Amino acid sequence: VKRVCVVGGSIVGCAAAIGCTRAGHEVTVFERSTSQLETRGQGLVQPIRLMEKLIERDYIDADMPVIRMSRRRWLVRDGDLTMGRLLSEQQFRVAHVNWGTLFKNLRKRIPSEVYRAGRNVASVEETPEGIRVTLNDGSSFEFDVVLAADGNMSTIRAKLFPDAERVDGGHVVWRGWFLESESPLPEVGALDEMNTVGFERGHGNLWLIPSPEGTERGEREVAWNLYGGGIPPDLLRDRGVIRTVPPGSCTPAQIEYLHNLAATQLPPVMGQVVMATCEPMITPIYDVHVPTLVRGRIALLGDAAMVLRPVTGSGATKGLEDAMAIADALASEADLADCLARYDHERWAAADGLVALGKRMGSGLVTEAPDWTELSGAEFDALFTSVIEGRNLYFAPDAE
Ligand SMILES: Cc1cc2nc3c(=O)[nH]c(=O)nc-3n(C[C@H](O)[C@H](O)[C@H](O)COP(=O)(O)OP(=O)(O)OC[C@H]3O[C@@H](n4cnc5c(N)ncnc54)[C@H](O)[C@@H]3O)c2cc1C
């Protein structure tokens with residue numbers, strides 16, 4: 001039995017805690033936030049095989065509401081055509097999950113004595129016998145191993161790898177969502193696949209996700225995002241990386257910039273959806289890469305390890321796989337160092353490949369995207385194939 005400390009109790013930390021508790025370890029989760037995490041974020045696209053694995057292992061309920069899709073349509077604005085001209089159609093076997101529903105499913109499987117909310121980890125320090133975790137209220141605790149699942153701004157990663165800075169990806173993603181029942185456009189309810197639209201130096205998606213209420217018509221949420229389209233005005237930066245502009249905080253100049261993009265470059269339906277969104281937000285795009293996932297008694301998981309670009313649609317998928325892999329590794333009888341080495345060996349290359357894939361997608365399909373209006377379907381297919389280079393983009397054509 002090992003004393004396992006999980007720092008960060010979001011989806012990846014919860015998944016790691018479930019696996020480690022079931023392997024018989026003594027687990028403590030320290031989560032900084034006291035508010036309910038349930039409403040954070042919006043939809044996540046997940047591979048069907050990951051959903052099946054989570055159900056098989058009883059990490060989530062078999063009837064957790066998801067919206068399954070099988071196709072992705074790549075489109076480009078063309079006059080009055082409501083959703084534009086079809087460039088290409090791809091296989092897209094995914095499940096759309098509501099972030100809050102996934103979190104609740106994981107969280108309810110963790111005993112309350114294990115999950116300590118409102119506990120902010122200030123430092124971790126190896127001792128001759130183990131590893132000491134100190135909270136910012138001054139209390140400290142001894143463990144055998146620390147699993148850092150403290151997210152994209154991980155302080156544990158920053159301490160272990162001070163050179164692993166966030167590297168600006170050169171563009172932003174605009175995002176918005178609202179209840180389908182509040183949509184000004186009834187035709188949005190008929191969008192039963194992923195709709196991806198190319199525009200000048202960018203592309204964006206329009207799709208439906210489950211709401212916490214369910215997946216039936218009227219209950220869903222309309223979600224969209226726009227990658228790129230130039231750098232909007234009034235952005236602030238921290239150490240070279242653009243700061244997030246949360247919902248409700250866009251300046252009038254930013255809203256004008258977004259509406260101009262929507263009116264002039266998107267097909268009419270998508271343009272109207274974007275303009276009907278009351279509180280869009282702006283999220284920076286950046287990469288974080290580390291040379292190893294393990295140092296001493298600490299393993300990095302999820303966004304605390306490497307940060308993937310959202311255009312890969314893979315951050316949560318990678319994090320959940322990390323969580324299951326570390327729990328499997330720690331379930332073995334081997335020495336702690338061997339368990340952690342096995343985890344690093346199994347998961348580092350996957351993260352490394354996905355960081356590289358995100359950069360290629362960021363340049364090929366966003367900042368250096370060709371003029372989409374000039375592309376034929378065959379030219380688009382060739383571009384997409386060259387950008388993904390056969391890498392593990394799980395929703396690409398021919399993915400396993
Ligand atoms: C626009 C966008 C779209 C995305 N779309 C997808 C998608 O479609 N599919 C997909 O798979 N992924 C997607 N992702 C990625 C996905 O959201 C993340 O990879 C995932 O949520 C990371 O989860 P996590 O548990 O590692 O980190 P987080 O959810 O960030 O959790 C970290 C937790 O640690 C806690 N914490 C931090 N510091 C401390 C501390 N010192 N002490 C205690 N607790 C602490 C925080 O409070 C937080 O709860 C997207 C990301 C973005 C930005």
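The values are calculated or read from the model by the stated rules, or taken from the named source; none is laboratory data. All figures in this text were calculated on a predicted structure; none of them were measured in a lab. Heads up, the Cβs are rebuilt from the backbone with ideal geometry, glycines too, and the neighbour counts pull from every protein chain shown. In case anyone asks, the SASA skips ligands and DNA or RNA and just uses the protein heavy atoms, side chains included. Shrake-Rupley method; radii C 1.70, N 1.55, O 1.52, S 1.80 Å.
Quick notes on this one:
- GLY214 satisfies every condition listed in (1) in contact (Cβ under 8 Å) with a residue 40 or more places away in the chain; (2) surrounded by 15 or more Cβ atoms within 10 Å (Cβ to Cβ); (3) of a type in the set (Gly, Ala, Ser) except (2).
- Conditions (1) at pLDDT 95 or above; (2) of a type outside the set (Ser, Thr, Tyr); (3) more than 17 Å from the chain's Cα centre (by Cα); (4) open to solvent by less than 40 Å² (accessible area, probe 1.4 Å); number of the one not met by MET69: (1)
- Residue list for region 262-303, restricted to those being in a helix (DSSP H, G or I), more than 16 Å from the ligand (Cβ to nearest atom), of a type outside the set (S, T, N, Q) and open to solvent by 10 Å² or more (accessible area, probe 1.4 Å): ALA263, PRO268, MET275
- Failed condition for ARG243, given (1) open to solvent by 40 Å² or more (accessible area, probe 1.4 Å); (2) over 20 Å from PRO310 (Cα atoms); (3) modelled with pLDDT of 95 or more: (2)
- Any hit, region 192-212, residues being within 16 Å of the ligand (Cβ to nearest atom), among the β-branched types (Val, Ile, Thr), out of contact with any helix residue (DSSP H, G or I) (no Cβ under 8 Å at 6 or more places or on another chain) and closer than 30 Å to GLU368 by Cβ: yes
- Close contacts from region 298-310, counting a first residue that is under 20 Å from GLY204 (Cα atoms) and a second that is more than 9 Å from the ligand (Cβ to nearest atom) and open to solvent by 10 Å² or more (accessible area, probe 1.4 Å), with Cβ to Cβ under 6 Å and a gap of 6+ residues or different chains, come to LEU308/LEU354.
- Residue within region 328-341 that is touching a His at 6+ places or on another chain (Cβ under 8 Å), more than 9 Å from the ligand (Cβ to nearest atom) and either of a type in the set (Val, Ile, Thr) or outside any loop (DSSP other than H, G, I, E, B) (or both) present: yes
- Residue match in region 373-391 (condition: over 20 Å from VAL45 (Cβ atoms), buried (at least 21 other Cβ atoms within 10 Å of the Cβ) and not charged (D, E, K, R)): no
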